[in-house]
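The values are calculated or read from the model by the stated rules, or taken from the named source; none is laboratory data. What you see is a predicted model; the values in this text were computed from it and never measured. Counting neighbours? That spans all protein chains shown, and the Cβs are built from the backbone with ideal geometry, glycine included. We work out accessible area using only protein heavy atoms, side chains counted, and drop any ligands, DNA or RNA first. Shrake-Rupley method; radii C 1.70, N 1.55, O 1.52, S 1.80 Å.
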Amino acid sequence: QVQLVESGGGLVQAGGSLRPSCAASGGSFSTYNMGWFRQAPGKEREFVAAISWSGGSTTYADSVKGRFTISRDNAKNTVYLQMNSLKPEDTAVYYCAADRYYYGLGFGYGYWGQGTQVTVSS
């Protein structure tokens, strides 16, 4: 059983940066594919970025490509989401997800965190 805890959200002005992180425990982190998703008020949860268990493969939603970077530190059991050039439309609760077998843009991840709020002011 994997537990995921996000942190590092907050309030930032448009054009600024944040780096939320997701700490994992209870499993072999280095064998899990990881993803970031977000959910804005009144909207459905959507895919943001994913990284394979080795870090050798990453994929991004078109809306964040070139601005966000997903990375992982297997020694620290942590995955990060570096968010640059933030826009008000990036405001959402950001969730991390993990799965040993699923990797991709969908909701096939078996484990989810509780989320961290990111608010971008204009």
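Assuming 0.692 mPa s and 37 °C, estimate D for region 9-122 with Stokes-Einstein, Rh taken as the Kirkwood radius over Cα pairs, in µm²/s.
235 µm²/s
Write down the accessible area per residue of the chain in Å², having rolled a 1.4 Å probe over the full set of protein chains.
Result: 49 Å² per residue.
Can you give me the % of accessible surface on region 1-104 that is carbon or sulfur? Probe 1.4 Å, all protein chains present, nothing else counted.
C and S fraction of accessible area: 46 percent.
Quick check for you: which residues of region 84-122 have the amide N under 20 Å from the point 7 Å beyond the Cα of A23 toward its beta carbon?
Within reach of a label on A23: 94-99, 111-118.
List the relative contact order of the chain as a percent without decimals, with contacts defined as Cα pairs under 8 Å and 6+ residues apart.
36 percent
Quick one: if the Förster radius is 35 Å, what FRET efficiency do Q1 and K87 give, using the C-beta to C-beta distance and rounding to 0.05?
E between Q1 and K87, to the nearest 0.05, is 0.45.
Which one, G16, G110, G42, has the greatest fluctuation when you compute a Gaussian network model over the chain with C-alpha springs under 10 angstrom?
Its mean-square fluctuation being the largest, the pick is G42.
What is the extension gain from Y101 to S30, computed as 0.36 nm multiplied by their sequence separation minus the C-alpha to C-alpha distance, in nm to one decimal?
24.3 nm
Could you work out how far apart the two model spin labels at D73 and T58 are, taking each label as a point 7 Å from the Cα in the direction of the beta carbon, and quote it in nm?
Between D73 and T58, the simple spin-label model gives 1.5 nm.
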